[in-house]
Amino acid sequence: MFIALTQFLFEYCIYERVFPTNELVRASFYLLMIASVLIAAAGYIINDYFDLNIDQINRPGKVVVSEVINRRWVIFWHMSLSLLGIYFTIFALPFHHFWHLVLANMLSVIFLWIYSTSLKKQLLVGNLLISFLTAWVIGILYFSKYPLNEINQMYTTSMQNVRFFRLAILYAGFAFIISFKTMPIVWGVNPSKVFVAVWLVVIIASLLILQAYTFQLGWWASVVYCLFLIVFPLVYVLIKLYAASQSAHYNHLSTVIKFIMFTGILSMIFFRMYH
C-alpha cells in the first residue's frame with residue numbers, strides 16, 4: 001500500500017506538476033507501479049518463508065507459512081509474483097530504451113531473495129540493501145522518464161529537470177534514511193540506540209532546513225504540516241528512544257515511524273497545490 005501510494009503521489013503531484021504528460025505516459029506508469037508492488041509482495045513472501053522458525057516462536061498466532069499455506073505454494077507464489085513483476089516492467093517500458101531498468105528490477109528480485117537467506121544476518125549490509133531498494137521505489141520512476149536515447153536530457157540544467165531531480169532526491173533520501181534506521185541488534189541495545197539517534201537528528205535537521213526554505217516561499221500549510229506531522233513525531237521518537245527498554249516500547253516506536261512514513265508520503269500533495 002505504501003509503495004503504491006508513494007509512486008502514485010510522486011507521479012501525480014511531482015512529475016505531472018513539473019512536466020506535461022499524456023495518457024500513454026500515465027498508462028506506462030500504472031503498469032510500472034503494479035510491477036513494483038508485485039516484486040515487493042514477492043519479497044515479503046520469501047522473507048516469511050525463511051523466517052518461519054523465528055515467527056513460530058515470536059508470533060505463534062500470526063504464522064501463515066505452513067499453517068495456512070503449504071510451503072511449496074509459498075515458493076510458487078513468490079516465483080509467480082516475481083515473474084509477473086518483471087513482465088509488467090517489460091510491458092510498461094520499451095525494452096530497447098529501458099533494458100537497464102528491467103535489469104534493475106530483475107536484480108531487485110534476486111537481492112530480496114539473497115537478503116532473506118543470508119544478508120539479513122550480516123551487520124549493516126542487509127539494512128543498506130533494503131534502504132536502497134526502498135529508495136528505488138522513487139528511483140525507478142525518476143529514471144523511467146529518461147530513455148537511453150535521451151539520457152543526456154537528464155543532465156541539462158533546465159529549471160524543470162533540476163526541480164524534478166531535487167524532489168526525487170528529497171523523497172528517495174527520506175525513504176532511504178527512514179528505512180536505514182532499523183539496524184540489526186547485533187551491536188547491542190545502547191550502540192543501536194546511538195546509531196538510530198544520530199540518523200534521527202540528521203533527518204530532523206534536514207527537514208528543518210527544508211522548512212526554512214519553504215517558509216520563504218510562503219508555503220504556510222506545508223510548513224505547519226511538516227512540523228506537526230513529521231518533525232515533531234520524529235522528535236517524539238528521539239525522546240522516547242532513550243527510555244525504551246521493553247518490546248512494547250520498541251513496537252510503539254515502530255508504529256510511530258510507520259505513521260511518519262505515511263505523513264511523509266502524503267506531503268507530496270503540497271507540490272501539487274503550490275506553483
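The values are calculated or read from the model by the stated rules, or taken from the named source; none is laboratory data. Treat the numbers as computed from the prediction; the structure is a model and nothing was measured. Cβ sites come from the backbone with ideal geometry, for glycine too, and all protein chains shown count toward neighbours.
For every residue, the table says whether it meets (1) of a type outside the set (D, E, K, R); (2) surrounded by fewer than 20 Cβ atoms within 10 Å (Cβ to Cβ); (3) touching a residue at least 60 places away in the same chain (Cβ under 8 Å).
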site	(1), (2), (3)
125	yes, yes, no
137	yes, no, yes
142	yes, no, no
147	yes, yes, no
161	yes, yes, no
165	yes, yes, no
174	yes, no, yes
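In the condition set (1) surrounded by 15 or more Cβ atoms within 10 Å (Cβ to Cβ); (2) in contact (Cβ under 8 Å) with a residue 24 or more places away in the chain; (3) of a type outside the set (D, E, K, R), residue 195 is compliant with all but (2). Kindly establish whether residue 132 is part of a helix (DSSP H, G or I) and assigned by TED's automatic domain parsing to the domain that holds residue 75. So residue 132 passes the test.
Close Cβ contacts (under 6 Å, 6 or more residues apart or on different chains) running from residues in region 239-255 that are closer than 17 Å to residue 195 by Cα to residues that are assigned to a loop (DSSP other than H, G, I, E, B) comprise 250/244. Screening residue 160 against (1) closer than 19 Å to residue 25 by Cβ; (2) within 18 Å of the chain's Cα centre (by Cα); (3) not assigned by TED's automatic domain parsing to the domain that holds residue 17 leaves a single unmet condition, (2). Whether any residue in region 254-271 is surrounded by 13 or more Cβ atoms within 10 Å (Cβ to Cβ), over 30 Å from residue 144 (Cα atoms) and over 16 Å from the mean Cα position of the chain (by Cα) is what I want to check. Looking for residues that are surrounded by 13 or more Cβ atoms within 10 Å (Cβ to Cβ), over 30 Å from residue 144 (Cα atoms) and over 16 Å from the mean Cα position of the chain (by Cα), one finds at least one in region 254-271, hence yes.
Of the residues making up region 149-157, at least one is within 22 Å of residue 36 (Cβ to Cβ) and either in a helix (DSSP H, G or I) or not assigned by TED's automatic domain parsing to the domain that holds residue 12 (or both).
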